[in-house]
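Worksheet: one structure, shown below.
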Amino acid sequence: MQKDKRTIYSWALYDWANSAYATTVMAGFFPVFFKSYYSTDIEATLSTAHLGFANSISSFIIVLIAPLLGAMADSSSLKKRFLFLFAYLGILMSAALALVSQGDWQLAAFIYILGNIGFMGADTFYDALLPSISSDKNVDYISGLGFAFGYLGGGILFALNVAMVQNFSLFGLESEAEAIKLSFISVAIWWAVFSLPLFWFVKEKKTKNRVTSSLIKDGYLRLKNTFSKIKELKGVLLFLAAYWLYIDGVDTIIRMAVDYGMALGFDSKNLIFALLIVQFVGFPATLLFAKLAQSWDTKKTIFLAIGIYLFITLWAAVMHEVYEFYILAVMIALVQGGIQALSRSYYSRMIPKERTAEFFGFYNFLGKFAAILGPLLVALVALFTQNSRASIASVAILFILGAILLYFVDEKKTAKDVQNALK
């Protein structure tokens, strides 16, 4: 049992490790630094476009390669190797951002694209290891443990980096820019060190297939076989469609919350504090949600999270005070990690154990396309109504449609259908 616990916590610690990149680099400092430092001689609207293209390019590359690499990893027990190949690409690129000179936005964008590819690519194989270290009884809790560790680890380093940037002189630094560059290096160190337990203690089940020159061909044939049976995988497709809709709503709220708060006239410092609330409340809340799923039912608990998100979107449309924004942040923190973790564990029960990397390639494929429909919906409603409150309320549609599709998913029947189709 002790060995099992060591394996589980070693796997979960990777979420603690890589979430530093998500919080400090992707969500925190890089977008601001790209505009204010790397793009000093570029118009604001043009630098925004450059950053948007960088995000889109990195996501598109992962969308193209993740399912194929997943199929290759499944056929030759390469999940851990691919995980660390991508992870250390992300780690090196995070540190490399500190070497980019002011005004060199092309190099910064290129390094950022590679860093995102490393971060997102590693996630596919990290998720694919979940079924091998869990059972149907504890997969909800273990998946939740990973997300909970991610909130705490990412939140701790982000809080330290925010303190360093806002008080750079106390840290012996000459400028805010120097502090931000040092924060990029701290992410690389954090990510590298805390991913080591997964290296050492998480074992991957070996297959009989060897790593040969025909590995790409084998992966392609596996992928082709899956697509040829796609009509028989209706349950999986139905869940992925439901997941895409409601997780698009989740990601839209994540991405639009700060912008919406600014539209209401709230101070940016209050909004940063709200982001930190989400990180630290998210840690225990995700664990509690996972425990609830264990004792109740995973699908019902996802429905509960969707219901709370519906309330959040409607309340956001009528709130006026900063304290209400803080309460909203707490409510988001209560369910954000839970709905992400339980969606992952629910999906893992439906897919074949010998093809987890391939199927999580499809899962993360949709995850990368999330927050496309939601922001577009928000933008269109804002454009036609000239009302930011109506635009944020429109996100409720995504949760309603996602819940309707999820209602028709039968986890056990889908798992049997998938096994029969891919025999």
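On the basis of being under 21 Å from residue 367 (Cα atoms) and either among the basic types (Lys, Arg) or open to solvent by less than 30 Å² (accessible area, probe 1.4 Å) (or both), does residue 18 make the cut?
Values: under 21 Å from residue 367 (Cα atoms): yes; either among the basic types (Lys, Arg) or open to solvent by less than 30 Å² (accessible area, probe 1.4 Å) (or both): yes.
Judged against the criteria, residue 18 is a match.
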#### Entry: helices (runs of 4 or more DSSP H) contained in segment 281-398 and holding at least 3 residues at pLDDT below 85 and of a type in the set (Phe, Trp, Tyr)
322-350, 356-369
### Task
From the list 169, 135, 101, pick out the single residue that is in a helix (DSSP H, G or I), hydroxyl-bearing (Ser, Thr, Tyr) and either open to solvent by 40 Å² or more (accessible area, probe 1.4 Å) or within 18 Å of residue 204 (Cα to Cα) (or both).
169
### Query
Looking at segment 1-85, what helices (runs of 4 or more DSSP H) fall wholly within it and have at least 3 residues that are closer than 19 Å to residue 353 by Cα, more than 21 Å from the chain's Cα centre (by Cα) and at pLDDT below 85?
44-76
### Task
Test residue 35 against the stated conditions and say whether it is out of contact with any Lys or Arg (no Cβ under 6 Å at 6 or more places or on another chain) and touching a residue at least 60 places away in the same chain (Cβ under 8 Å).
no
### Message
Going residue by residue through segment 184-198, is there one that turns out to be at pLDDT below 90 and within 25 Å of the chain's Cα centre (by Cα)?
### Response
no
### Query
In this structure, is residue 157 out of contact with any Cys (no Cβ under 7 Å at 6 or more places or on another chain), open to solvent by 20 Å² or more (accessible area, probe 1.4 Å) and either farther than 16 Å from residue 357 by Cβ or among the acidic types (Asp, Glu) (or both)?
no
### Query
Out of segment 83-121, which residues are under 15 Å from residue 62 (Cα atoms) and polar (S, T, N, Q)?
116
### Task
Residue by residue through segment 329-356, note down the ones that are open to solvent by less than 10 Å² (accessible area, probe 1.4 Å) and over 16 Å from the mean Cα position of the chain (by Cα).
329, 346, 348, 350, 351, 352, 356
### Task
Could you figure out which of (1) surrounded by 16 or more Cβ atoms within 10 Å (Cβ to Cβ); (2) free of Cβ contacts under 8 Å to residues at least 60 places away in the same chain; (3) among the aliphatic types (A, V, I, L, M) isn't true of residue 288?
(1)
#### Entry: Sole exception among (1) aromatic (Phe, Trp, Tyr); (2) open to solvent by 20 Å² or more (accessible area, probe 1.4 Å); (3) under 27 Å from residue 56 (Cβ atoms) for residue 360, by number
(2)
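The values are calculated or read from the model by the stated rules, or taken from the named source; none is laboratory data. Values in this document were obtained by computation on a predicted structure and should not be read as measured data. A quick note on method: Cβ atoms are made from the backbone with ideal geometry, for glycine too, and the neighbour counts reach across all protein chains shown. The area values use the complete protein model at the heavy-atom level, side chains included, leaving out ligands, DNA and RNA. Shrake-Rupley method; radii C 1.70, N 1.55, O 1.52, S 1.80 Å.
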